Amino acid sequence: MRILLISQYFYPENFKINDLIFSLKARGHQITVLTGKPNYSKINFFKGYGWKSDDFEIVNGIPVYRANLFSRRHGGALRLFLNYFSFAFLGSLKLRKIKGPFEAIFVYEPSPITVGIPAVFAKRRFKAPIFFGLKIFGLRV
């Protein structure tokens, strides 16, 4: 199955979605990821990532497209707002670089639901169903 994962967080950030996606890849599924530049739990971006870093890489054989976003830094309402909505907006624009087709669009949204905004545009573009959150392919996330 060809799956597009949309998640604001992905490797090297430490979230359960990494294990699920790597195991789906190991089972033969074709996975593509749209995510943000890694910055969760850091003062700024992870080493090697930032506004000017590459927006495409291969991670464990998986094509990963990274959208720019405002770093969370120390949090606070304004920083979190900018972080979440910059991914929603810039991630939606990044979809132009991703080639389909996909049979499913999986959205991993531990918080907030704004990560679903790029998925709505992806659904229109790739004409594939969206699966949000807790259950996909009979697996619990």
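A simple rule links phi to the HN-Hα coupling: the Karplus curve 6.51 cos²θ - 1.76 cosθ + 1.60 with θ = phi - 60°, which for the range 54-70 gives 4, 9, 9, 7, 10, 10, 6, x, 10, x, 10, 9, 10, 8, 5, 7, 7 Hz, with x for Gly and Pro.
When trypsin sites (Lys or Arg not before Pro) are flagged only if DSSP places them in a loop and at most 12 other Cβ atoms lie within 10 Å, the longest unflagged stretch of the chain comes out as 53-98.
This model, with +1 at the C-beta of Lys and Arg and -1 at the C-beta of Asp and Glu, gives the chain a dipole about its Cα centre of some 220 debye. Taking Cα atoms only, the orientation of helix 77-94 departs from the longest principal axis of the chain by about 40 degrees.
Chymotrypsin sites (Phe, Trp or Tyr not before Pro), restricted to the range 24-69: which are DSSP loop and have at most 13 other Cβ atoms within 10 Å? Could you put the intermediate results ahead of the total?
On the way: sites: Tyr40, Phe45, Phe46, Tyr49, Trp51, Phe56, Tyr65; in loops: Tyr40, Phe45, Phe46, Tyr49, Trp51.
Qualifying residues, ordered by number: Trp51.
Sequence-distant contacts, meaning Cα pairs under 8 Å at least 6 residues apart, place the relative contact order of the chain at 25 percent.
Between amide H atoms placed 1.01 Å from N, distances below 5 Å from Ile31 occur with Ile3, all of them 5 or more places distant or on a separate chain. Where in the range 44-59 does the amide nitrogen come within less than 18 Å of the point 7 Å from the Cα of Lys99, taken along Cα to Cβ? Of the residues in the range 44-59, 55-59 have backbone N under 18 Å from the label point off Lys99.
Hey, any idea what the orientation-averaged projected area of the convex hull of the chain's Cα atoms comes to, in nm²?
Numbers: hull surface 30.6 nm².
Averaged projected hull area, Cα only: 7.7 nm².
Listed values for the range 107-114 are Karplus-derived 3J(HN,Hα) couplings in whole Hz (6.51 cos²θ - 1.76 cosθ + 1.60, θ = phi - 60°), namely 10, 9, 10, x, 4, x, 6, 4, and x replaces Gly and Pro. For the listed residue pairs Lys94/Lys127; Lys52/Lys97; Lys16/Lys123; Lys99/Lys127, the alpha carbons are over 19 angstrom apart in Lys16/Lys123. Spatially, the range 93-132 and the range 47-70 are offset by 17 Å when compared through their Cα centroids.
Computed from the coordinates by the stated procedures, all read-outs in this text should not be read as laboratory data. Source: prediction; values computed, not measured. Every residue, glycine as well, gets a Cβ built from its backbone with ideal geometry; the counts of neighbours run over all protein chains shown.
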